[in-house]
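Report on the structure given below.
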Amino acid sequence: MNRIVHPIEQESFRRLRARLDTSHLPPLTRAVVERVVHSAADLEYASDLVLAEAELAKAHAALHAGAPVVVDVEMVAAGITRRESVCRLKDARSGPGLTRSAHAIRLAHEEVGPGALWVIGCAPTALEELLTLDADPALVIGLPVGFVGAAESKAALRESGLPAVSNVSEKGGSAVAAAALNALLYQPISPEETL
């Protein structure tokens, strides 16, 4: 089913492309960069994001083959269109040395196992917890926001070697994390991926 794009969104992307040249980027990288920039109206994301086309291609194939999507908070889930996601925050409890967000990641990992796409846009501790698990993800979209732990957790994600979308700065958030996943959802499946 093709996605119907509203005229306001079309005009917004036209204006974005008038201010930011993304034509040199490979297709999935371009889709993610543009959708993240669009979601925050922040052109700086174009130079702040860290992502690799080959990892995005594998994640895109996994996503369109039905891999589960796990989110850290309901705000990320609400921003993801066209796909249900797993969020265990309501079931999670904090404890000594464990935030509620970190516990939710443990619970979600027990539920989905390997091969999921993880979308973390709020809690740095959720991303930190994911890095301690043997999650074997298809992709980690690690874009938590904040002045405490956000940049450090994203640096740890990049150092982990896991396939990832992250950014260098402290900014991030639910909207941009959801936008990164939506970019992959909205990209059509190429003939090579259906073989």
Taking only DSSP H segments of four or more residues, each worth -39500 (n - 2.57), what value at 222 nm results for the chain once the sum is divided by all its residues, to the nearest 500 deg cm²/dmol? -14500 deg cm²/dmol
Per the Kirkwood definition applied to all pairs of different Cα atoms, how many angstroms is the hydrodynamic radius of the chain? 16.7
Cα-based Debye curve of region 23-100 sampled at q = 0.28 Å⁻¹ gives log₁₀ I(q)/I(0) of -1.27
Computed magnitude of the charge dipole of region 90-136 (debye, nearest 20; Cβ of K, R +1, Cβ of D, E -1): 260
Considering all projection directions equally, how large on average is the shadow of the alpha-carbon convex hull of region 89-146, in square nanometres? 3.8
Dipole magnitude of the chain about its Cα centre, charges +1 at Lys/Arg Cβ and -1 at Asp/Glu Cβ only, in debye to the nearest 20? 480
For the chain, what relative contact order do you get, as a whole percent, if you take Cα pairs closer than 8 Å and at least 6 residues apart? 24
Quick one: net charge of P163's neighbours, Cβ under 12 Å, K/R +1, D/E -1? -1
Rolling a 1.4 angstrom probe over the protein heavy atoms, how many square angstrom per residue are accessible across the chain? 50
Using 5 Å bins from zero, what percent of all Cα-Cα pairs in region 47-147 falls into each bin? 3, 13, 24, 26, 20, 9, 4, 1
Lysines whose Cα lies under 17 Å from that of K171, excluding same-chain neighbours fewer than 8 positions away: K154
D (µm²/s, integer) via Stokes-Einstein for region 124-183, Kirkwood Rh across alpha-carbon pairs, 4 °C, 1.567 mPa s: value 114
List the residues whose amide H sits under 5 Å from the amide H of V165, counting only those 5 or more places along or on another chain, with H placed 1.01 Å from N in the peptide plane. V140, I141, G142
Positive end of the dipole of the chain, charges at C-beta (+1 Lys, Arg; -1 Asp, Glu), about the Cα centre: which of V5, A108, H64 has its Cα farthest in that direction? V5
Order by accessible surface, 1.4 Å probe, largest leading, for residues K58, K154 comes to K58, K154
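The values are calculated or read from the model by the stated rules, or taken from the named source; none is laboratory data. Keep in mind the model is a prediction, meaning the values are calculated, not measured. Backbone-built Cβ (ideal geometry, glycine too); neighbour counts: all protein chains shown. Areas reflect the complete protein model, heavy atoms only, side chains present, ligands, DNA and RNA absent. Shrake-Rupley method; radii C 1.70, N 1.55, O 1.52, S 1.80 Å.
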